[in-house]
Amino acid sequence: MLEQRIHELKQIIAGNDGRNAADARFSRAVDELLSAVYDDIGAIKDLPTRALFDLFVIKVLYVGRHSRHADVIEYLGCLLDTYIATRELFPPDAAGKPQTLYFSDMLDAEKLGATFESRFEAYRKYADSALYLTGIFPASLGARRPSAPTALRREAGRTVDAAYYVTTGKAMYSMASQEGLAEDTHQRETLSKLARYFEVYADALNEMSARYIMGFDMELIADKMLDNFNRYRASGEEWHLTNARRYAAILSVDRLRFPSMFGEAQ
């Protein structure tokens, strides 16, 4: 049911490509779906990760930042689902060992050819990794120096931080968009948008990571806690109180401020 409703939202977005259709009714539907995801905090939702990521992207980018591009919504949902497997961030080298790639590696024909089937794949893969890191794990990008400098590693004297990945990610998306395979795979315009608006998409993913992936939407959690507690007070059904306590645990609610929730004397 949830998956079908998310699919319907994507159909609306696709049908309005080039303009934003996130009116009050659309936005309310997105919020209702997000609320449903948080229902019964102790239950595992039978919802594919791709559908969940699509919903998050729609919320932070399409509703939150009024994006007009259906192809980017689709691309980012696919990217997030692909990168659940963290090995995607570190493609294996010729010996099969995970490796961290730097911008200069993309200019090294020998290394590029040993890792990727084409320049298009290499450029796009690097850019995807850069966007994922800056979007989902920005706190991990503290200043550090690239390892094993080579003659081509022009950035050897610099530090690798979020700004580095933004700059090089934009460049790689732009270079990927200019490859012949970009036209063959119908991704030229999408990759060009990712290059031009990289910071916007990274910022949207920052919000998504903080609210839905690495953290929780605390306002929604608080509403769920109070709703369940009020239902318990009205019905006396224990499972409402159990759910309220689960939400309270996420919020780290002070037991002294809400003693009745924990069965303690006031």
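The values are calculated or read from the model by the stated rules, or taken from the named source; none is laboratory data. Here the structure is a predicted model, which is why all the values come from computation and not from measurement. Note that each Cβ is placed from the backbone with ideal geometry, even for glycine, and that neighbours are counted across all protein chains shown.
Some points to look at:
- Selection count where residues are more than 13 Å from Arg124 (Cα to Cα) and touching a helix residue (DSSP H, G or I) at 6+ places or on another chain (Cβ under 7 Å), scope region 165-188: 2
- Answer residue from region 1-26, given it is assigned to a helix (DSSP H, G or I) and in contact (Cβ under 8 Å) with a residue 40 or more places away in the chain and is nearest to Leu55 (Cα to Cα) among those: Ile6
Okay, residues lined up against (1) modelled with pLDDT under 85; (2) surrounded by fewer than 17 Cβ atoms within 10 Å (Cβ to Cβ); (3) touching an Asp or Glu at 6+ places or on another chain (Cβ under 7 Å); (4) at positive phi:
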{"position": "Ala85", "(1), (2), (3), (4)": "yes, yes, no, no"}
{"position": "Ala94", "(1), (2), (3), (4)": "yes, yes, no, no"}
{"position": "Ala127", "(1), (2), (3), (4)": "no, no, no, no"}
{"position": "Ala143", "(1), (2), (3), (4)": "yes, yes, yes, no"}
{"position": "Ser147", "(1), (2), (3), (4)": "yes, yes, no, no"}
{"position": "Ala176", "(1), (2), (3), (4)": "no, no, no, no"}
{"position": "Thr190", "(1), (2), (3), (4)": "no, no, yes, no"}
{"position": "Arg196", "(1), (2), (3), (4)": "no, yes, no, no"}
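- Meets criteria (of a type in the set (D, E, K, R), surrounded by fewer than 20 Cβ atoms within 10 Å (Cβ to Cβ), on the phi > 0 side of the Ramachandran plot and at pLDDT below 95) for Asp40: yes
- The C-beta contact set for region 59-72 (first residue outside any loop (DSSP other than H, G, I, E, B), second residue modelled with pLDDT under 95, distance under 7 angstrom, 6+ apart or interchain) comprises Lys59/Leu34; Val60/Glu207; Val60/Met208.
- Some residue of region 212-224 being outside the structural domain of Asp31 (by TED's automatic domain parsing), of a type in the set (Gly, Ala, Ser) and at pLDDT 85 or above: no
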